[in-house]
Each structure stands twice: as structure tokens, then as C-alpha cells.
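Since the structure comes first, as C-alpha cells, the remarks are kept for the end.
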Amino acid sequence: MTRVLAFDVGTSSVRAAVFDETADEREEPARRDYPGELDPDRIVDLTREVLDEAGGAEGGVEAVGASCFGHSLLALDGSSRPLTEILSWRDTRSADAADWLARKLDSSAVHARTGCHIHTSYWPAKLAWLVQERPEIFHAARKFVSFCDYLYSHLLGREVTAGISMASASGLVDLRTRTWDEELLETLGLDTERLLEISDEPVEGWYPALLDGACSNFGAGCLTRDRAALMVGTSGAIRTVYETELPQPRPGLFLHWVDDRRVVEGGSLSDGGNLYHWLEQTLKDGDGPLADRDPDSHGLTFLALLGGERSPGWHQHAKGAIHGLTFETTPLDLRQAGLEGVAFRFAEVADFIPGVEEVVATGGALLRHPEWVQIMADALGRPVTTSGVREASLRGAAVVALERLGAAPAPAPLGPVVEPRPDKVEVFRAARERQRWLYEVATGSLTS
């Protein structure tokens with residue numbers, strides 16, 4: 001029986017497990033947590049630990065597949081040692097640099113070529129920030145790599161190539177040529193010798209890591225245009241994965257290559273499980289059932305942009321806001337409004353994705369909280385199918401590795417379908433309109 005080792009390096013934990021050719025989740029994965037960790041060597045060490053605990057690459061497996069957080073940037077010196085901490089999608093220090101790039105370049109043309117907006121999440125803004133604010137680091141760097149490239153080089157003991165999935169998600173790759181984008185390189189004063197070669201060829205049975213968001217779709221079985229994965233982990237996203245020969249990025253959304261024939265398209269939110277955690281820590285007395293409550297229960301409008309905005313507006317300087325506070329507002333009111341606020345942002349993004357007939361909820365931060373799944377269904381105004389997969393990105397890494405070995409993994413299991421509550425539809429629609437108004441005020445896009 002074919003067996004593969006899979007591991008998933010997320011923004012707050014790393015997990016690893018061995019899968020057989022069915023890709024069924026038979027055991028709890030080895031796991032290490034590291035909330036907020038930006039030290040690349042610390043995450044490398046923890047990844048080694050979970051790989052060893054899971055049996056290691058030498059434990060009778062045919063291949064190794066990986067999922068890793070995307071958009072990260074590391075500057076390396078001549079000895080391949082980091083000159084920076086991990087510059088992640090959460091790092092918004094490059095907002096002014098992104099504004100500079102947007103003035104210098106045609107932002108729409110960049111999005112059409114790369115599938116990525118000029119935004120702090122992506123490499124161009126981070127590299128421009130290094131040029132402007134840390135020029136000594138920019139000029140001293142021999143290579144610029146993603147964290148997963150750095151991780152692979154340590155695990156394999158050699159220099160590696162950049163897989164198309166992670167390279168495309170950097171915002172620095174031309175979708176048509178699958179090479180580093182010439183205009184962006186020229187604008188940043190960067191040559192290709194300081195970047196890795198792009199290749200999906202395996203190294204000693206190790207397949208290049210894929211973007212964790214794409215892996216989530218593979219793990220949950222969302223691999224067509226009409227089935228979207230709605231994921232809430234540390235952050236959030238709604239995505240589709242599908243085959244295409246000619247990628248066509250849509251306004252408000254990202255589009256990245258996954259492999260030689262498939263792309264991942266969708267929208268990302270910077271607020272997800274991190275907002276849920278913030279609510280728990282900030283509102284110690286906010287527990288209570290939400291089943292019989294709706295947005296009219298509290299009168300609040302919560303703009304869930306505490307981590308800034310990505311999809312669909314990609315405003316560089318956006319911040320969260322709460323409207324409607326009174327002396328009667330309770331911690332439970334705020335918790336409920338915050339969860340609704342995230343759901344309304346998902347609904348805004350979903351409107352940009354055509355052709356979706358089924359939404360599958362995945363991600364531990366969402367599946368552990370059934371009340372939040374219900375709120376999602378109410379905000380979207382459509383049924384939400386819960387995934388039966390506990391670790392979708394981890395399973396997705398296994399599924400892709402098994403596919404490349406010629407195996408046919410079993411279909412992803414599904415859980416209950418959560419229907420929107422008919423008596424809440426109008427209430428949620430009106431609340432969503434209030435959030436849209438607050439969003440326009442907060443981002444300076446209100447026209448009347």
C-alpha cells in the first residue's frame with residue numbers, strides 16, 4: 001500500500017502524519033504550537049520534531065508532501081542565514097511602500113499579470129519597504145526566499161527551487177510565463193540571480209510545498225469552480241480550485257497557480273480565528289448561547305478589519321471599527337457582533353466569486369464552533385456544508401503527493417449541512433448593509 005508523509009506548517013502550529021493511499025485521517029497528527037512565532041529557525045526545529053514524531057521520511061513512505069503558509073519573505077545573506085525575521089502576510093509595515101508602488105505602476109495591470117494586488121501581504125510591497133526603510137539589508141541579501149524554501153533547504157541539506165504554488169502566491173510571478181515578473185523586478189531593482197529558480201520537480205521524493213490555502217481545498221474536496229471552501233483558521237478565506245490553461249484574475253480576488261494545470265482563486269480575510277481568540281481574551285464575560293440571537297439583539301455594527309483588509313478592497317491602511325456602542329452593550333453583544341462581522345466580510349467576498357453552488361466550511365477555528373457556522377449560513381443566505389475532515393491542509397498535502405504517485409485518494413468526507421434560518425434572512429441582510437456603510441466610511445470610499 002502506498003504511504004506518504006505529509007506536514008502542514010501554519011501561522012500558529014505545525015502538524016505531521018503518515019497517510020495511506022486513501023488519505024483517510026486515521027490518527028491524530030504530531031503537533032507543535034507556536035502562536036505569533038516569526039523566528040524561522042524556531043519553526044524549522046519544531047518541524048523537525050513533528051516529522052520525527054510522525055515517523056520521518058525514512059519510515060517506509062514513498063513521498064513527502066507539504067502545505068505551508070504563503071506570502072512570507074526572508075532575506076538571506078551569503079551564508080544562507082536570515083537577515084530578517086519572517087515577514088508574513090500579517091506584517092503591514094509596508095503600507096506606505098505599497099502606496100508608492102501603486103503610484104509608480106498600473107495596479108490593475110499588475111493584478112492582471114500576477115493575480116495579486118499591490119498590497120502589504122505580498123512580496124513587492126515588502127521588498128519596496130526593505131529598499132526604502134532597510135536598504136542595508138536589501139543590498140546585503142544574496143537571496144530572497146519564502147519561509148518554506150528556507151525550511152526545505154534545512155530539511156534536505158541543500159539549496160532548493162521554488163515551487164510554482166508558493167512563488168505565484170508571492171505576487172512577483174507572471175501568470176502567463178510562470179516566471180518572475182520583469183516589470184516588478186525592474187521597479188524594485190532586483191535581478192533573478194537573487195531569487196530561486198521556479199520548478200515543481202521533486203527532490204529525493206520530497207514534492208515542493210503548496211500554499212496552505214490551496215491544500216485546504218484539496219483536503220476538503222473542493223476542486224471545481226462550483227464548490228468553494230470557506231476556511232477559518234488563524235485568518236480566513238473562501239477559495240475555489242479548478243483547471244485552466246489561461247488564468248484570468250477577477251477584480252477583488254487573488255489568483256495563483258497551484259501546479260501545471262490548476263489555479264486557486266478567492267479572497268482572504270486577515271480576521272478569522274485570531275479575532276475569535278481576541279474576543280475571548282478581551283471579553284472575559286462574553287460567554288453565552290447565540291442560537292436565539294440575531295443582529296437586532298445588540299444594535300452593533302462590527303467592521304472586522306482588526307488585522308487590516310485584504311479581499312475585496314485591499315485597502316492598505318484599513319482598521320476595524322465598532323458602531324452603535326451604548327452603556328447597555330454587553331460582552332456577549334460584542335462577541336456576537338464580532339463573529340457576525342467576519343461572516344459579513346465573507347459574504348462580501350463571496351459575491352465576487354461566480355458560479356459557486358456549494359460552500360464547504362473547513363478550518364478548526366470554524367468547525368469547533370457550530371454557532372459560528374450557523375451565522376455564516378445566515379450571512380451568506382445559503383446552505384453551508386461542514387467538512388468531515390479535521391485537518392484539511394494536512395490531508396490536502398497528502399492528497400497532492402498521492403496524486404503525483406498515481407494513487408486515487410478517497411473522496412473527502414462531509415458533515416451536516418447548516419441551512420440559513422428563514423426568519424433571520426432579512427435581519428442579516430439589513431445588518432450586512434449597515435456594515436457595508438461602516439466599511440465605506442472607515443475606508444474613505446463613501447460616495448454620498
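The values are calculated or read from the model by the stated rules, or taken from the named source; none is laboratory data. No experiment lies behind these values; they were computed from the predicted model shown. Note: ideal-geometry Cβ built from the backbone for every residue, glycine included; neighbour counts use all protein chains shown. The area values use the complete protein model at the heavy-atom level, side chains included, leaving out ligands, DNA and RNA. Shrake-Rupley method; radii C 1.70, N 1.55, O 1.52, S 1.80 Å.
Just for region 81-110: of the residues that are in a loop (DSSP other than H, G, I, E, B) and touching a strand residue (DSSP E or B) at 6+ places or on another chain (Cβ under 7 Å), which one is least open to solvent (accessible area, probe 1.4 Å)?
Among them, the one singled out is Ile86.
Among the residues of region 410-448, count how many are part of a loop (DSSP other than H, G, I, E, B), closer than 30 Å to Thr224 by Cα and either basic (Lys, Arg) or more than 24 Å from the chain's Cα centre (by Cα) (or both). Break it down stepwise before answering.
Here is the first cut: in region 410-448, the residues part of a loop (DSSP other than H, G, I, E, B) are 410-413, 419-421, 444-448.
Filter again for closer than 30 Å to Thr224 by Cα, leaving 410-413, 419-421.
From what's left, either basic (Lys, Arg) or more than 24 Å from the chain's Cα centre (by Cα) (or both): 410, 419-421.
Residues that pass the stated criteria total 4.
Just one of (1) surrounded by fewer than 18 Cβ atoms within 10 Å (Cβ to Cβ); (2) assigned to a loop (DSSP other than H, G, I, E, B) trips up Arg48, so point out which.
With (1) surrounded by fewer than 18 Cβ atoms within 10 Å (Cβ to Cβ); (2) assigned to a loop (DSSP other than H, G, I, E, B) applied to Arg48, the lone miss is (2).
Please find, among Gly355, Gly313, Gly324, the residue that is modelled with pLDDT of 95 or more, under 25 Å from Ala237 (Cα atoms), open to solvent by 20 Å² or more (accessible area, probe 1.4 Å) and touching a Ser or Thr at 6+ places or on another chain (Cβ under 7 Å). Give the derivation first.
Details: Gly355 fails: touching a Ser or Thr at 6+ places or on another chain (Cβ under 7 Å); Gly324 fails: under 25 Å from Ala237 (Cα atoms).
After ruling out the rest, the residue left standing is Gly313.
When Ala228 is evaluated against the numbered criteria (1) open to solvent by 30 Å² or more (accessible area, probe 1.4 Å); (2) touching a Cys at 6+ places or on another chain (Cβ under 8 Å), which criterion, by number, is the only one it fails?
Only one criterion is unmet by Ala228, namely (1).
Out of Ala397, Ala350, Ala343, which single residue is closer than 18 Å to Ala237 by Cβ, open to solvent by 20 Å² or more (accessible area, probe 1.4 Å) and out of contact with any Pro (no Cβ under 6 Å at 6 or more places or on another chain)?
Details: Ala397 fails: open to solvent by 20 Å² or more (accessible area, probe 1.4 Å); Ala343 fails: open to solvent by 20 Å² or more (accessible area, probe 1.4 Å).
Selected residue: Ala350, the only one of Ala397, Ala350, Ala343 that is closer than 18 Å to Ala237 by Cβ, open to solvent by 20 Å² or more (accessible area, probe 1.4 Å) and out of contact with any Pro (no Cβ under 6 Å at 6 or more places or on another chain).
Being within 30 Å of Gly171 (Cα to Cα), over 17 Å from the mean Cα position of the chain (by Cα) and open to solvent by 20 Å² or more (accessible area, probe 1.4 Å) is the filter here, so list the residues in region 296-310 that pass it.
Those that are within 30 Å of Gly171 (Cα to Cα), over 17 Å from the mean Cα position of the chain (by Cα) and open to solvent by 20 Å² or more (accessible area, probe 1.4 Å): none in region 296-310.
Residue-by-condition table, conditions (1) among the basic types (Lys, Arg); (2) under 29 Å from Gly313 (Cβ atoms):
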{"residue": "Arg113", "(1), (2)": "yes, yes"}
{"residue": "Ala140", "(1), (2)": "no, no"}
{"residue": "Val145", "(1), (2)": "no, no"}
{"residue": "Met166", "(1), (2)": "no, yes"}
{"residue": "Glu183", "(1), (2)": "no, yes"}
{"residue": "Leu195", "(1), (2)": "no, no"}
{"residue": "Glu204", "(1), (2)": "no, no"}
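Given the conditions (1) among the acidic types (Asp, Glu); (2) in a loop (DSSP other than H, G, I, E, B); (3) in contact (Cβ under 8 Å) with a residue 40 or more places away in the chain, which single one is not true for Glu328?
Tallying (1) among the acidic types (Asp, Glu); (2) in a loop (DSSP other than H, G, I, E, B); (3) in contact (Cβ under 8 Å) with a residue 40 or more places away in the chain, Glu328 fails exactly one: (3).
For region 21-42, what are the residues that are in contact with a strand residue (DSSP E or B) (Cβ under 7 Å, 6 or more places away or on another chain) and either β-branched (Val, Ile, Thr) or in a loop (DSSP other than H, G, I, E, B) (or both)? Working first, answer last.
Start the filter on region 21-42 by keeping residues that are in contact with a strand residue (DSSP E or B) (Cβ under 7 Å, 6 or more places away or on another chain), which leaves 27, 29-34, 40.
Listed by number, the residues that qualify are Glu27, Pro29, Tyr34.
Looking only at region 145-162, filter to residues that are farther than 14 Å from Ser88 by Cα and part of a loop (DSSP other than H, G, I, E, B); which one of those is modelled with the lowest pLDDT?
Here the answer is Glu159.
Cβ contacts < 8 Å: first residue free of Cβ contacts under 8 Å to residues at least 12 places away in the same chain, restricted to region 178-201; second residue outside any strand (DSSP E or B) and open to solvent by less than 30 Å² (accessible area, probe 1.4 Å), any location; separation 6+ or different chain. Result?
Asp191/Leu185
Does Pro249 qualify as being touching a helix residue (DSSP H, G or I) at 6+ places or on another chain (Cβ under 8 Å), farther than 29 Å from Gly36 by Cβ and open to solvent by less than 10 Å² (accessible area, probe 1.4 Å)? Don't jump to the end; show me each part of the working.
On the way: touching a helix residue (DSSP H, G or I) at 6+ places or on another chain (Cβ under 8 Å): yes; farther than 29 Å from Gly36 by Cβ: yes; open to solvent by less than 10 Å² (accessible area, probe 1.4 Å): no.
The answer is no for Pro249.
Please determine whether any residue of region 119-142 is open to solvent by less than 30 Å² (accessible area, probe 1.4 Å), of a type outside the set (D, E, K, R), over 14 Å from Leu190 (Cβ atoms) and out of contact with any His (no Cβ under 7 Å at 6 or more places or on another chain).
Looking for residues that are open to solvent by less than 30 Å² (accessible area, probe 1.4 Å), of a type outside the set (D, E, K, R), over 14 Å from Leu190 (Cβ atoms) and out of contact with any His (no Cβ under 7 Å at 6 or more places or on another chain), one finds at least one in region 119-142, hence yes.
Pairs, please: C-beta under 7 Å, at least 6 apart or cross-chain, first residue free of Cβ contacts under 8 Å to residues at least 40 places away in the same chain and in region 15-41, second in a loop (DSSP other than H, G, I, E, B)?
These pairs meet every condition: Asp20/Met1; Asp20/Thr2; Asp33/Ser12; Tyr34/Ser12; Pro35/Ser12.
How many residues are open to solvent by 30 Å² or more (accessible area, probe 1.4 Å) and either of a type in the set (A, V, I, L, M, F, W, C) or in contact (Cβ under 8 Å) with a residue 40 or more places away in the chain (or both) if we restrict to region 284-295? Step through it out loud before you land on a result.
So in region 284-295, the residues open to solvent by 30 Å² or more (accessible area, probe 1.4 Å) come out as 284-285, 287, 289, 291-293.
From the residues that got through so far, the ones that are either of a type in the set (A, V, I, L, M, F, W, C) or in contact (Cβ under 8 Å) with a residue 40 or more places away in the chain (or both) too are 284-285, 287, 289, 291, 293.
Here the count works out to 6.
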